[in-house]
Amino acid sequence: MKIAIPVTGDSLNPHFGHCEKFALVDVDPKTREVLATTETPAPEHQPGLLPVWLKERGVTVVIAGGMGARALSLFQEASIEVITGAPTESVATLVRKYLDGSLVSVEHLCEHVCNH
């Protein structure tokens, strides 16, 4: 399992499509133990690119703050689970909450018109 989180510094960037980088967290799906965390610069913003780009990197779960309806749809098509409405917390905290089942998705769409 690989979890992607858009970050600024070490915390979640609440605007998914315009983050500087992504934390990519490898997790053993059986033990639910974090194996490795790496950061990678986000690609230049292009509508529809992130689901494909993250899928190519093996991502199976995305933890995000806000995300537009179109982006949510594209992630569903790519078979990537999306948790939206996540708080601006550290990567380690968000991953721990996801793995222990206390981080649940809430509807949280972008506050402006999103085409990504």
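Taking SER73 and the conditions (1) farther than 29 Å from LYS30 by Cβ; (2) at pLDDT below 90; (3) out of contact with any Cys (no Cβ under 6 Å at 6 or more places or on another chain), which numbered condition does it fall short on, given that it satisfies the others? Result: SER73 fails condition (2) only. Of the set (1) within 24 Å of ARG96 (Cβ to Cβ); (2) surrounded by fewer than 13 Cβ atoms within 10 Å (Cβ to Cβ), all apply to ALA69 but (1). For first residues located in the stretch 21-43 and without any contact (Cβ under 8 Å) to a residue 12 or more places away in the chain and within 14 Å of ALA92 (Cβ to Cβ), partners that are surrounded by 12 or more Cβ atoms within 10 Å (Cβ to Cβ) and among the acidic types (Asp, Glu) and lie 6+ apart or on another chain with Cβ distances below 7 Å form the pairs LEU35/ASP26; ALA36/ASP26.
Considering each residue of the stretch 98-109 in turn, at least one proves to be closer than 13 Å to LYS2 by Cα and either surrounded by 21 or more Cβ atoms within 10 Å (Cβ to Cβ) or in contact with a Phe, Trp or Tyr (Cβ under 8 Å, 6 or more places away or on another chain) (or both). Restricting the stretch 57-66 to residues that are assigned to a loop (DSSP other than H, G, I, E, B) and not basic (Lys, Arg) leaves a set whose member that is surrounded by the most Cβ atoms within 10 Å (Cβ to Cβ) is ALA64.
Within the stretch 42-56, the set of residues being modelled with pLDDT of 95 or more and exposed (fewer than 12 other Cβ atoms within 10 Å of the Cβ) comprises GLU56 only. Among the residues of the stretch 85-97, those identified as surrounded by fewer than 21 Cβ atoms within 10 Å (Cβ to Cβ) and part of a loop (DSSP other than H, G, I, E, B) are GLY85, PRO87, THR88, GLU89. Can you pull out the residues in the stretch 13-37 that are in a strand (DSSP E or B) and either touching a Pro at 6+ places or on another chain (Cβ under 7 Å) or modelled with pLDDT under 90 (or both)? If the condition is that a residue be in a strand (DSSP E or B) and either touching a Pro at 6+ places or on another chain (Cβ under 7 Å) or modelled with pLDDT under 90 (or both), then HIS15, LYS21, PHE22 are the ones that fit.
The values are calculated or read from the model by the stated rules, or taken from the named source; none is laboratory data. Quick caveat, the model's predicted, so the values are computed rather than measured. Heads up, the Cβs are rebuilt from the backbone with ideal geometry, glycines too, and the neighbour counts pull from every protein chain shown.
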